[in-house]
1. Enumerate the pairs (first residue in region 111-123 and surrounded by fewer than 18 Cβ atoms within 10 Å (Cβ to Cβ); second residue anywhere and modelled with pLDDT under 95 and among the hydrophobic types (A, V, I, L, M, F, W, C)) with beta-carbon separation below 8 Å, excluding pairs fewer than 6 apart on the same chain, so at least 6 apart or on different chains.
2. Any residue in region 83-93 that is closer than 30 Å to Tyr146 by Cβ, among the aromatic types (Phe, Trp, Tyr), surrounded by 17 or more Cβ atoms within 10 Å (Cβ to Cβ) and within 19 Å of the chain's Cα centre (by Cα)?
3. Exactly one condition in (1) buried (at least 16 other Cβ atoms within 10 Å of the Cβ); (2) polar (S, T, N, Q); (3) within 22 Å of Gly149 (Cα to Cα) is not met by Ser131; state its number.
4. Could you list, in sequence order, the residues of region 61-110 that are part of a loop (DSSP other than H, G, I, E, B), without any contact (Cβ under 8 Å) to a residue 40 or more places away in the chain and in contact with a strand residue (DSSP E or B) (Cβ under 8 Å, 6 or more places away or on another chain)?
5. Here is a list of conditions, (1) under 15 Å from Leu87 (Cα atoms); (2) among the hydrophobic types (A, V, I, L, M, F, W, C); (3) touching a helix residue (DSSP H, G or I) at 6+ places or on another chain (Cβ under 7 Å), and Phe35 meets all of them except one; can you say which number that is?
6. Regarding Asp171, is this residue within 19 Å of Ala32 (Cα to Cα) and charged (D, E, K, R)?
7. State yes or no: is Phe67 within 25 Å of Lys192 (Cα to Cα), within 19 Å of the chain's Cα centre (by Cα) and surrounded by 13 or more Cβ atoms within 10 Å (Cβ to Cβ)?
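The values are calculated or read from the model by the stated rules, or taken from the named source; none is laboratory data. Bear in mind the structure is a predicted one, so any value in this text is a computation, not a measurement. Neighbour counts are summed over all protein chains in view; Cβ atoms, including those assigned to glycine, are modelled from backbone coordinates with ideal geometry.
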Amino acid sequence: MTPEQNISKVNSPIASLPPELFAKFCAYLPPADLFTLSQVCRKFHGYLCAPNSFSTQQIWKESRLKFMPKEEMPPPKGMSEKNYVELLMMDRGCQTCKQIKICKIYWEFEVRICEECFLVKTVNEYKLLWSNYPQEFLNTMPHTYYFYGKYYWIEQIHIAYSQYYSLSKEDLKNWLDSKKLIFDSTMEYATKRGMKHDTKRPSRLSRHN
């Protein structure tokens, strides 16, 4: 029997809670339970998955701070609290292949991924330069390092380059300046996350996670 069937069968009072009381109830739930609750019915999904709702953001933020006390850093700019918490849940495995295996969060790309999928989803800088991608374009794209090589997220490259290629010379500078601001913010956050992780791990461990 699914959780939704359970609630329907017993006509649980929680199903009729107003939003403010529902939020108080959620204050006692860890993130994993919030995800389960969001799948129970459309009403709960609306309460817990509204990206522009302040109360929704607070529910996930409070759960993160209470049940993930080491994750006190706020999410990256533009990322919802729900997506942030989901990204932090390492026990859910790889977001690409869905397998429960050792993963790393690449904050540059905002993804939790295993090594095998990382090598499929990214491309080395040398290959991009060999394919005549302009250096001024690559300088605006988030990247990470893997065995001393610089790697980019393929999908991001394709989307951004289609925009870059279509711009007139007059519009290109503004586009590059805008992308550079986003790049700086993304890489700064990734660096802070890396520094935070470095303070928590034994020095002999690899850079993963």
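1. Pairs found: Glu115/Ile102.
2. In the first step, residues of region 83-93 are kept if they are closer than 30 Å to Tyr146 by Cβ; the result is 83-93.
Retained after the next criterion (residues that are among the aromatic types (Phe, Trp, Tyr)): 84.
Retained after the next criterion (residues that are surrounded by 17 or more Cβ atoms within 10 Å (Cβ to Cβ)): 84.
This time we only want the ones that are within 19 Å of the chain's Cα centre (by Cα), so: 84.
Yes, region 83-93 contains a residue that is closer than 30 Å to Tyr146 by Cβ, among the aromatic types (Phe, Trp, Tyr), surrounded by 17 or more Cβ atoms within 10 Å (Cβ to Cβ) and within 19 Å of the chain's Cα centre (by Cα).
3. (1)
4. Residues satisfying the conditions are Gly93, Cys94, Gln95, Thr96, Cys97, Gln99, Lys101.
5. Only one criterion in (1) under 15 Å from Leu87 (Cα atoms); (2) among the hydrophobic types (A, V, I, L, M, F, W, C); (3) touching a helix residue (DSSP H, G or I) at 6+ places or on another chain (Cβ under 7 Å) is unmet by Phe35, namely (3).
6. Values: within 19 Å of Ala32 (Cα to Cα): no; charged (D, E, K, R): yes.
Considered against the rule, which asks whether it is within 19 Å of Ala32 (Cα to Cα) and charged (D, E, K, R), Asp171 comes out as no.
7. yes
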